[in-house]
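Beneath this line is the structure, given in C-alpha cells, with notes to follow.
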Amino acid sequence: AIVLPQASLVAVVSDEMVEIARPYVADTSLLVVPNGVEFPAQAPGAVRDAACDPRWLMVGRLDALKIVGVLDFVRKARRAGMAGVRIAGDGDAKAMLQQRLFDEGLADGVEFLGARADIPQLMQSSAGVVGMGRVVLEGLAAQRPVVLVGYDGVKGVVDAGLLQLARRANFSGRNLDTVEADHLGAQLAALGETDLAAVVATAFRLASA
C-alpha cells in the first residue's frame, strides 16, 4: 500500500498477480511478463523415446510447503500403477519427506537425484514430468507428458484445458481441484500421442504469444 502506488512500472507473472496488485497500482503501470521458457522455433510434435526411463521425473524445491504435494503424488503414482519417481531438487524438508516415504512404505519407488544442472536432459530421458510453475512449461517444451502437482496435491495430467486454467495462477495449482489416484490412472491410460501433441502445441502458442 505504500511502495506499489509510487512505482511507475510493476511487472507480474500471471493474471492472478494482476488482481492482487490492482488495488494498489494503476492498470497503466501493470505489465504481465509470463514465465519465459524456450520452445523450438516451430510448433513441435510430441516425441516419445521408447528407450527412456519408465519412471517419471519430479522437479522442484523440497521445502515444507511443497513436500505436501510431492508426497500426495508419490502415493497416487503408486496406486495408479506408475513405474516410479525420480526427484530432482533439494531443500530443507528433504529429510522429512524421506522419512514420510519410509514410514508409508513408499521409499523403494523413489530415487532422489539432488540438485541437478541437467534438467532438460533428465526430462528427455523420463517417461513424463511432474511439478508446478515453470516445470510444467519446461516439461511440455521437452515434449513429455506432464502432471501438475500443486502445494496441496495432484491436479492431474496437463491437457489443453488444464493448461489454460492453470496459467491464471502461474501453474501453481492454486484454486484447482485435486484428483484421486483412479482419476490420475484413467488420465494416464487415455493419454495418446495426439493428445500430447495438442497440449504441446497449445503451450507453444502461449509461449509465442
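The values are calculated or read from the model by the stated rules, or taken from the named source; none is laboratory data. Just so it is clear, the model here is predicted, and its values are computed rather than measured. Note that we place each Cβ from the backbone using ideal geometry, even for glycine, and neighbour counts take in every protein chain shown. For the accessible areas, the whole protein counts, side chains as well, though only heavy atoms, and no ligand, DNA or RNA atoms are used. Shrake-Rupley method; radii C 1.70, N 1.55, O 1.52, S 1.80 Å.
Descriptive notes on the structure:
- Failed criterion for residue 43 (all others in (1) of a type in the set (A, V, I, L, M); (2) more than 18 Å from the chain's Cα centre (by Cα); (3) modelled with pLDDT of 95 or more hold): (3)
- Restricting segment 93-115 to residues that are touching a residue at least 24 places away in the same chain (Cβ under 8 Å) and open to solvent by 40 Å² or more (accessible area, probe 1.4 Å), the residue that is farthest from residue 58 (Cα to Cα): 104
- Meets criteria (within 19 Å of residue 77 (Cα to Cα), touching a residue at least 60 places away in the same chain (Cβ under 8 Å) and crowded, with 23+ Cβ neighbours inside 10 Å) for residue 184: yes
- Any hit, segment 52-63, residues being part of a loop (DSSP other than H, G, I, E, B), surrounded by fewer than 18 Cβ atoms within 10 Å (Cβ to Cβ) and at pLDDT below 95: yes
- Scanning segment 116-138 for residues that are surrounded by fewer than 16 Cβ atoms within 10 Å (Cβ to Cβ) and closer than 27 Å to residue 12 by Cα gives 117, 120.
- Pair list, Cβ under 9 Å, 6 or more apart: segment 74-91 residue within 24 Å of residue 64 (Cβ to Cβ), other residue part of a strand (DSSP E or B) and of a type in the set (S, T, N, Q): 86/126
- Scan of segment 114-153 for residues that are under 21 Å from residue 94 (Cα atoms), among the β-branched types (Val, Ile, Thr) and in a helix (DSSP H, G or I), ordered by number: 119, 135
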